[in-house]
Amino acid sequence: MPGSSPDVREITVAHSPDSDDAFMFYGLATSKVRVPGLRFTHTLCDIETLNRAALEGVYDVTAISFHAYPYIQDHYALLPSGGSVGDGYGPMIVASRPYSTTEIKSKRIAVPGTMTTAYLVLRLFAPGVETEVVPFDQIIPQLLEGKQEAGLIIHEGQLTYDKSGLHRVVDLGKWWQKVTGLPLPLGGNAIRRSLGPRLMSSVAAALRESIQYALDHREEALAYAMQFARDLDAQLADKFVGMYVNERTLDYGADGREAVRRLLDMGYKAGIIPQESNVEFAA
């Protein structure tokens, strides 16, 4: 009918309820960034839940751990923006006692999920290590309660563990950089291939614009992200967001993309990942 608005295509987006993800999606989530003909709807879940949902192809765009990519690569491509990359830092093994790196490999380590990149890197660091899956936000509490000897922490725990009197045994981001000379790619955003090249390109541009908007309007984007900043004050939240939303989030760079390929190739050759990866970034 004359004057009627064209159909609007819904794009389902899923990411973790963490301050860094909230920061990068701020532009899209608050409609500061708009794409004619598209409406973005957001779902927030912990990263291991999102990894499992990606196996079922639940969302059009989803945050994933890079460890999960080989399992979904037939149906998803990686977006060129939105990566969380640790440049000399990353997930940490912490404990209630200052174990040596040799001692820690003989301990049972609480991990936030077996499809997380943190778990993959832990297995590369300590191939025979014993692990137990614990929700990521319960690892530090269980260490403090004496239920676990050691834990693999991700997200904001990397900045708060010492306040609890815990000891950092290994920073796996530092270990990875020492071994490979590369940054450690932890998580990215994947897009469903069935959307087709044109729509995939539009969504990729929208995500990049959302990240750029947040970086350009840092104060307001950080204020929005603070509602997702578990146990962090504004200063620590700003530091955490800066660690994982930066120029590499806009574009991985050649070494960042190489790091994704190297990580998954090493995981395959070590027998942790059962299939080879064909790392493909959407245009």
(request) Only helices (runs of 4 or more DSSP H) wholly contained in segment 203-254 count here; list those with 2 or more residues that are modelled with pLDDT of 90 or more and in contact with a Phe, Trp or Tyr (Cβ under 6 Å, 6 or more places away or on another chain). (result) 218-225
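Name the one entry in R248, R262 that is open to solvent by less than 70 Å² (accessible area, probe 1.4 Å) and in contact (Cβ under 8 Å) with a residue 12 or more places away in the chain. If you could, list the steps in order and put the result at the bottom.
Numbers: R262 fails: open to solvent by less than 70 Å² (accessible area, probe 1.4 Å).
Answer to the selection: R248.
Could you count how many residues in segment 44-74 are more than 22 Å from I272 (Cα to Cα) and at pLDDT 95 or above?
Here is the first cut: in segment 44-74, the residues more than 22 Å from I272 (Cα to Cα) are 44-46, 57-62.
The next check asks that each one be at pLDDT 95 or above; those that pass are 57-62.
Selection size over segment 44-74: 6.
Matching residues to (1) among the β-branched types (V, I, T); (2) closer than 25 Å to V260 by Cβ:
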residue	(1), (2)
F136	no, yes
I140	yes, no
I153	yes, yes
K163	no, no
W176	no, yes
G188	no, yes
V203	yes, yes
D216	no, no
Y224	no, no
(request) Take segment 265-277 and flag every residue that is surrounded by fewer than 14 Cβ atoms within 10 Å (Cβ to Cβ) and among the hydrophobic types (A, V, I, L, M, F, W, C). (result) A270
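Every residue in segment 185-215 that is of a type in the set (S, T, N, Q) and in contact with a strand residue (DSSP E or B) (Cβ under 8 Å, 6 or more places away or on another chain), please.
Narrowing segment 185-215 to residues of a type in the set (S, T, N, Q): 189, 194, 201-202, 210, 212.
N189, S202 - these are the residues of segment 185-215 that are of a type in the set (S, T, N, Q) and in contact with a strand residue (DSSP E or B) (Cβ under 8 Å, 6 or more places away or on another chain).
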(message) Testing L182 on (1) open to solvent by 10 Å² or more (accessible area, probe 1.4 Å); (2) of a type in the set (A, V, I, L, M, F, W, C); (3) touching a strand residue (DSSP E or B) at 6+ places or on another chain (Cβ under 8 Å), one condition comes back false. Which one is that?
(response) (3)
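Within the bounds of segment 47-56, is there any residue that is of a type in the set (D, E), open to solvent by less than 30 Å² (accessible area, probe 1.4 Å) and within 25 Å of V8 (Cβ to Cβ)? I'd like the intermediate steps shown before the answer.
Of segment 47-56, the ones of a type in the set (D, E) are 48, 56.
Subsequent filtering for residues that are open to solvent by less than 30 Å² (accessible area, probe 1.4 Å) retains 48.
With the extra rule that they be within 25 Å of V8 (Cβ to Cβ), the set shrinks to none.
Among the residues of segment 47-56, not one is of a type in the set (D, E), open to solvent by less than 30 Å² (accessible area, probe 1.4 Å) and within 25 Å of V8 (Cβ to Cβ), which makes the answer no.
Any idea how many residues of segment 30-64 are outside any loop (DSSP other than H, G, I, E, B), in contact (Cβ under 8 Å) with a residue 24 or more places away in the chain and in contact with a helix residue (DSSP H, G or I) (Cβ under 9 Å, 6 or more places away or on another chain)? Let's see the steps before the verdict.
Quick first cut of segment 30-64, residues outside any loop (DSSP other than H, G, I, E, B) only: 38-44, 47-55, 61-64.
Next cut, in contact (Cβ under 8 Å) with a residue 24 or more places away in the chain only: 38-44, 47-48, 50-54, 61-64.
From what's left, in contact with a helix residue (DSSP H, G or I) (Cβ under 9 Å, 6 or more places away or on another chain): 38, 40, 42-44, 47-48, 50-52, 54, 61-64.
Selection size over segment 30-64: 15.
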(request) Would you mind telling me which numbered condition in (1) buried (at least 22 other Cβ atoms within 10 Å of the Cβ); (2) out of contact with any Asp or Glu (no Cβ under 9 Å at 6 or more places or on another chain) H155 fails? (result) (2)
(message) Anything in segment 10-29 that is over 12 Å from the mean Cα position of the chain (by Cα), open to solvent by 10 Å² or more (accessible area, probe 1.4 Å) and either closer than 26 Å to L236 by Cβ or without any contact (Cβ under 8 Å) to a residue 40 or more places away in the chain (or both)? List them, or say none.
(response) E10, Y26, L28, A29
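The values are calculated or read from the model by the stated rules, or taken from the named source; none is laboratory data. Because the structure is a prediction, the values reported are computed rather than measured. So basically every Cβ, Gly included, is an ideal-geometry build from the backbone, and we count neighbours across all protein chains shown. Just the protein is used for accessible areas: all its heavy atoms, side chains included, with ligands, DNA and RNA removed. Shrake-Rupley method; radii C 1.70, N 1.55, O 1.52, S 1.80 Å.
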